[in-house]
1. Would you mention how many residues in region 497-511 are outside any loop (DSSP other than H, G, I, E, B) and within 21 Å of Phe310 (Cβ to Cβ)?
2. Exactly one of these conditions fails for Gly255: (1) without any contact (Cβ under 8 Å) to a residue 40 or more places away in the chain; (2) within 16 Å of the ligand (Cβ to nearest atom); (3) in contact with a helix residue (DSSP H, G or I) (Cβ under 8 Å, 6 or more places away or on another chain). Give me its number.
3. Using the structure shown, decide if Asp242 is in contact with an Asp or Glu (Cβ under 9 Å, 6 or more places away or on another chain), of a type outside the set (Val, Ile, Thr) and more than 12 Å from the ligand (Cβ to nearest atom).
4. Are any of the residues in region 315-334 farther than 24 Å from Ser257 by Cα and within 15 Å of the ligand (Cβ to nearest atom)?
5. Among the residues of region 435-463, which ones are more than 15 Å from the ligand (Cβ to nearest atom), charged (D, E, K, R) and either part of a helix (DSSP H, G or I) or buried (at least 17 other Cβ atoms within 10 Å of the Cβ) (or both)?
6. Quickly run through region 314-349 and pick out the residues that are of a type in the set (A, V, I, L, M) and not in a loop (DSSP other than H, G, I, E, B).
7. Phe27 versus (1) under 14 Å from Gly223 (Cα atoms); (2) under 26 Å from the mean Cα position of the chain (by Cα); (3) not charged (D, E, K, R): which is the lone unmet condition?
8. Any residue at all in region 534-555 that's touching a strand residue (DSSP E or B) at 6+ places or on another chain (Cβ under 9 Å), more than 16 Å from the ligand (Cβ to nearest atom), assigned to a loop (DSSP other than H, G, I, E, B) and polar (S, T, N, Q)?
Amino acid sequence: MIPDKAPKEDVFHGSEELKKEAHIPSFEKYKELYMKSIDHPDEFWGDVAKDFFWKTKHTGPFLEYNFDVTKGEIYVKFMEGATTNICYNLLDRNVHDRKLGDNVAFYCTFQKHLSAPQRYQYESISNRRRFKAASSSTEQIELDRKSDTETAQRETDREGKEKTRPVPQVPWDPEVDLCWHSLIRGASDECEPEWCESEDPLFILYTSGSTGKPKGVLHTVSGYMLYTATTFKLVFDHQPGDVYWCTADIGWITGHSYITYGPLANGATSVLFEGLPTYPDVGRMWEIVDKYSVTKFYTAPTAIRMLMKFGSDPVVKYKRESLKVLGTVGEPINPEAWQWYYNVVGDKRCPIVDTFWQTETGGHVLTPLPAATPMKPGSATFPFFGVVPAILNESGEELEGPSEGYLVFKQPWPGVMRTVYGNQQRFETTYFKKFPGYYVTGDGCRRDKDGYYWITGRIDDMLNVSGHLLSTAEVESALVEHEAVAEAAVVGRPHPVKGESLYCFVTLNDGVTYNRPLEAELKKQVREKIGAIATPDYIQNAPGLPKTRSGKIMRRVLRKIACDERDLGDISTLADSSVVEQLFQNRCCPAV
Ligand code: WT7
């Protein structure tokens, strides 16, 4: 449960200035609203729903569910009977009801997108794509694509210089093809939205499973809409005049919830970024922050650690005085990176919201609220409204007070996934079978004496060394604390006596050379920080680590490298496969 009072020692607070304007200005207010969200969910979500447009009202209770496999099929229904349209709420409502029509929705960082041309006066294929994203019917997209191709062909012919790039030819078929330009001439700008049921599918996003094929996580209309809108508003404390920037890729869940749906539902102004944080130089992020006066900035620990490698100079070159709140997502942030983000990037002025969530949860589930929650570096702190976490031991018993075990949730919140698309069975097996009555996150978690939650890493990233459970994240954090190390990834390698041994991959900071004395120092560091049991058995110098496009280290691949097993399985989500070969070649070949 949430403590009555927030701790006073060893914590960081949001600024007084932020508290003055914040939606949730104090810990007491957070606690009061949290209790309301649990005791009276109908009232809590009813207040949230008032800001949205509903074609028809819902009829039953706000939330109906079964989380217990022993009692039948797992299901979650939110606002059954209501009909709405999410695009209408994200666009039309902001223009018609909220009078935000002249506000900027997205600042795009490339000039072509910034100077948006008038509709149907498109001149280049990239501008045409902008429109395509906004058009809704597949036929329209097909037509648009055809004329895109033709226009591109004409443009390339004219310019001549690009002749080498082949443009696909789509033959005209009078049986099925219609001319876009004549169809659209005189067509109305208005288009009646498709009114959807609350529980109609909104999108499916695939996420990797620890075994087998990726799972299609299904989210539905009303619950996801209200949940992403509310988490965005309160976790980033969205205020009029804010300029928000999330560096994620739009194709992943963070881009869905916190570039697209959440910000647009709030009528927010965002920076939309396509590029690398290190190009043309490592000050790129902060240059953009200054250029657009970004107030709320959201990125991943891996990006922070990478930039940290280059020191503070490229950051302090820029003012960053517009920044108010910083956020992280994707993995546990090691305290060292947290401190750098807080002290250097945020000038000790900006609270850091360490948001724990998953593709499956749809939005933040454990997170600080920037003006209300005292922060502890590395802790995702407390549950968001409507979320009830628990920590279970191996036998499925709920642990009270300070403890460590499996992180689970006891009841649904509006944005939780509804099923694995086309495979309800897999949905139930993956998330509900191990501990009946709970949604199992797959993450390990510790609760400290003040009730703060600390994610210790995936349970499947737990190592058992001589009967001691070790979290890879813990060992990685100890390695990264060494001044020579930029990033570390630790995996288990089967060991005949110990069960598992620790195989560590380390990426060194620019300019540092790997050698035996350094290796000895690193081993000593881990031993001293965690204990003799955690002393790394092997350390390999890794100039690059295998990562997914969302920046997550693929430990599964590292485990294979550690064991010199070449059969890697599906590595289609790997961002750069060349690092894998390099790591295989430079394996430290230990004599076991
Ligand atoms: C897993 C979910 C959430 C969108 C991006 C990743 C880890 C995520 C944190 C955090 C510690 C975190 C967990 C989780 N994770 N955020 N703030 N602290 N761990 O989505 O690919 O579905 O991954 O990412 O292990 O289960 P995803």
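The values are calculated or read from the model by the stated rules, or taken from the named source; none is laboratory data. Keep in mind that what you see is a predicted model, and the values were worked out from it rather than measured. Counting neighbours? That spans all protein chains shown, and the Cβs are built from the backbone with ideal geometry, glycine included.
1. Within region 497-511, the subset outside any loop (DSSP other than H, G, I, E, B) is 499-508.
From what is left, the residues that are within 21 Å of Phe310 (Cβ to Cβ) are 505-508.
Summing the residues that are outside any loop (DSSP other than H, G, I, E, B) and within 21 Å of Phe310 (Cβ to Cβ) in region 497-511 gives 4.
2. (3)
3. No, not satisfied.
4. Going through region 315-334, the residues farther than 24 Å from Ser257 by Cα turn out to be 315-321, 334.
The next check asks that each one be within 15 Å of the ligand (Cβ to nearest atom); those that pass are 334.
Yes, region 315-334 contains at least one residue that is farther than 24 Å from Ser257 by Cα and within 15 Å of the ligand (Cβ to nearest atom).
5. Within region 435-463, Asp450 is the sole residue that qualifies.
6. Within region 314-349, the first condition is being of a type in the set (A, V, I, L, M), and the residues that meet it are 315-316, 323, 325-326, 329, 333, 337, 344-345.
If the condition is that a residue be of a type in the set (A, V, I, L, M) and not in a loop (DSSP other than H, G, I, E, B), then Val315, Val316, Val325, Leu326, Val329, Ala337, Val344, Val345 are the ones that fit.
7. So Phe27 meets the others, but not (1).
8. yes
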